[in-house]
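Working notes for the structure below.
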Amino acid sequence: SEKHPFVMVIFGGAGDLARRKLFPALYSLYRSGLLDRRFAVVGVGRSEREDEQYRQIVRESVDSHSRMDVENEEDWSSFAERFHYVSLDVGTAQGYGKLRERVERCERERGIPGNRLFYLAIGPELFGRVSSLLNEEHLTRTEGWKRLVIEKPFGHDYESARELNDQIRQSFQEEEIYRIDHYLGKEMVQNIEVIRFANTLFEALWNNRYISNVQITASETVGVEDRASYYDRAGALRDMVQNHILQMLMMVAMEPPSRLNPEAIRDEKVKVLRSLRRWKSDDEVSQNIVRGQYLAGRVDGEEVPPYREEEGVPAGSVNETYVAGRLFVDNFRWSGVPFYIRTGKRMRQKSTEVVIQFKDVPQNLYFNKNNDLGPNLLVITVSPEEGLSLQFNAKKPGGDNEVIPIAMDFCNNCAEDTPEAYESLLHDALEGDLTFFTHWDEVSLAWKFVDPIREAWDRDPESLTFYESGSWGPAEADQILKEEGHRWHRAY
Ligand code: BG6
C-alpha cells in the first residue's frame, strides 16, 4: 500500500495515551518500514519543554512499552529527531500561531506536502474547542489532506454527542474524522469478519437456524484505578458497552458487505444497530440488563477494597462497574437468538472473547455421562491470548459408543507478536482507511440504544446489584441466561 508523508500533531503530546500507546505504535510502524521517510511529530502540551526533553520522554516510552526494542542509537536518533514539542494552552487561541509555524517549518524542512493528522489525546471536554481552533487558526488550511483522530468518550449521551459532532463538523468533513474505538484495532476483532465471510463452513451456519446464542465477554481484573472522576460518572455501560461491546456485536451480526470498502462495511454495521431491540419500559430493562458494583474481595491473590472505598469515589456511589445483558437483533437472520453480553472491572480474570453456541442436533443417539452432548462452540479469543477454538463431539477412543467433547485450537499470536491495536489504527489513519473507525451513524445509534437503559437506572437506584471482587459478577447475570436454558461458556 501507498505511504504518505505527514506531520502528526498530538494534543496531549506528553500525556498517558501518548506515552503508553502512541509513541510505541509510531516506533513499531517506523521499524516495520510502514512509514514514509518524510514525517514529523509535533507534540503539544501545557508544560514547557525543549525538543530534547521531549525526545527523552519518547525514548522512555518506547523502552518501557514498545513491542520492539531500540536496536542501535543511530537508528534511534533518526527516529527521534522528527519529534518536536510546542507548549501551549490548547483551550485558548493564543499559541496556535506558534503551533502553525512549527508545523509549517517541519513541512518545509522535510518536504512534506501539507498532510496533517491531528490527534486529540486530551480530555473530552476539549475535543470540540480544539477542533474549532484548528480551523479558526488556519491549521486546517493546507494543500494536502487533513484528518482528525479523536479518542473516546464521544459525548456522554446522544444529545452531547450530537452537539460535539456538529461542532467538529464545522472544521472537518465526516470522512476526515477518525473516531477511535481501540477494540476495532484488535487483531481478533478484525478477524471475525474474515472468519465469517471467507469460510462456507461458518457462514452457512451463521443464522438463527443453527446458532443458539452468542456470548460476548470483556472482563477485567483492574478496578477503577486513578480514573474515578471520569469513571464514576460514566459507568460500565458508557465506558464499555456503548462502544467496544456493541462494536463486537456488530461484527458478529452484520450481513456480508457488498465490497470490502469502509462505506459498505459501515452500512452493514449500522443496520445491526437499527435492528437492535430497544427496551420499552423500565421493567423490560431490568428483566434484560443487569448492573453491578464490586465489593471487596481477592483478585490475582490480592485483597482489594470495594468500589465505594476507592480513591475519589463518593461513599454512596450507585455507579455500575459491571453490566450484563440479553440483547436481540430483530431481523431475519437473528430473530430469536439471544446475544448475551457482560463486562466488568475486578472480575476473576482479564478476558475478552466471543462465544458462538450452535444448536444441538435434533436427536442424541449417543450415551455419555450425563446423557447429553456438549454444544458445538466457536470461541473467538480476543485477549489476552488471540485465537480460535472449535469445540465439537467425537467418539471416545475405545469407549462403548461414548462421546466426548474435543476442541481444535488455533493460536494467532503464538508464532509471532501481532501488532497492537493502536499500531494498526494509526497506520490506517495515515493511509486514509476508515474501515475500523466509528462512523457518526454508529456513535449516534449506539447512544440511542444505551440512553434509555441509563435513564431507567437513574429512576431506580435499587436496580444496582453487587458482586464480590474476583468473581464472575452478580448471580443475577446467570439468571438471564438460565431463563433461556443457557449458561455462560468458558472463562469458568
Ligand atoms: C477503555 C476503557 O476504553 O478500555 C477502560 O475506558 C478499559 O475502562 C479499557 O479498561 C479496556 O481495554 P483493553 O484493551 O485492555 O481490553
Based on other C-beta atoms within 10 Å, arrange Ile480, Ile380 from fewest to most. Ile480, Ile380
Coil-residue GluC sites (Glu not before Pro) of region 435-492, DSSP, other Cβ within 10 Å capped at 15: Glu483, Glu484
Here region 182-191 yields Karplus 3J(HN,Hα) values (6.51, -1.76, 1.60; θ = phi - 60°; whole Hz; Gly and Pro given as x) of 5, 5, 6, x, 6, 3, 6, 6, 5, 6
Glu101/Ala198 FRET efficiency (R0 56 Å; Cβ-Cβ; nearest 0.05): 0.70
How far apart, in nanometres, would the label points at Ser275 and Arg37 be if each is projected 7 angstrom from Cα along the Cα-to-Cβ direction? 5.1 nm
Quick one: Karplus J couplings for region 372-385, per residue in order, coefficients 6.51, -1.76, 1.60, θ = phi - 60°, nearest Hz, x for Gly and Pro? 9, 8, x, x, 6, 10, 10, 10, 9, 8, 8, 6, x, 6
So what's the angle, to the nearest 10 degrees on a 0 to 90 scale, between helix 158-169 and the longest Cα principal axis of the chain? 30 degrees
With each pseudo-label sitting 7 Å past Cα toward Cβ, what's the Asp409-Asp16 distance in nm, one decimal? 3.4 nm
For a label point 7 angstrom out from the Cα of Leu260 toward its Cβ, which stretches of region 1-45 have the backbone nitrogen within less than 16 Å? 1-2
Quick one: compute the contact order of region 313-370, relative version, from alpha carbon pairs under 8 angstrom and 6+ residues apart, as a percent. 25 percent
Round to the nearest 10 and give me the degree value, 0 to 90, for the angle of helix 440-459's Cα axis relative to the longest principal axis of the chain. 60 degrees
Please label the shape of region 113-167 as rounded, prolate or oblate, based on the square roots a ≥ b ≥ c of the eigenvalues of the alpha-carbon gyration tensor (a/c under 1.5 means rounded; beyond that, a/b larger than b/c means prolate, else oblate). prolate
Name the shape class, rounded, prolate or oblate, that the alpha-carbon gyration tensor gives for region 407-480, where a ≥ b ≥ c are the square roots of its eigenvalues, rounded holds for a/c under 1.5, and otherwise prolate holds if a/b is larger than b/c and oblate otherwise. oblate
Residue-by-residue Karplus 3J(HN,Hα) for region 348-364, coefficients 6.51, -1.76, 1.60, Hz, glycine and proline x: 4, 8, 7, 7, 10, 7, 10, 10, 9, 9, 8, 6, 6, 5, x, 9, 9
Each label point is 7 Å from the Cα along the Cα-to-Cβ direction; what then is the distance between the points at Glu225 and Glu302, in nm? 1.3 nm
Greater than 30 Å separation of Cα atoms is the criterion. Which listed pairs, Lys98/Lys269; Lys3/Lys350; Lys3/Lys448; Lys152/Lys280; Lys3/Lys152, meet it? Lys98/Lys269; Lys3/Lys350; Lys3/Lys448
Computed about the Cα centre, the charge dipole of the chain from +1 Lys/Arg and -1 Asp/Glu charges at the Cβ has a magnitude in debye, to the nearest 20, of 860 debye
Whole Å is fine, so just give me how far the alpha carbon centre of region 460-492 lies from that of region 191-253. 17 Å
Note the angle between two axes, namely the Cα long axis of helix 51-65 and the longest principal axis of the Cα atoms of the chain, as a number of degrees from 0 to 90, rounded to the nearest 10. 20 degrees
Sort by residue number and report every cysteine in the chain with no other cysteine beta carbon within a distance under 4.7 Å. Cys106
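None of the figures in this text is laboratory data; all of them are computed from the coordinates on show. As the structure is a prediction and not an experimental result, all values here were calculated from the model. FYI the Cβ positions are ideal-geometry reconstructions off the backbone, even for glycines, and counts take in every protein chain you see.
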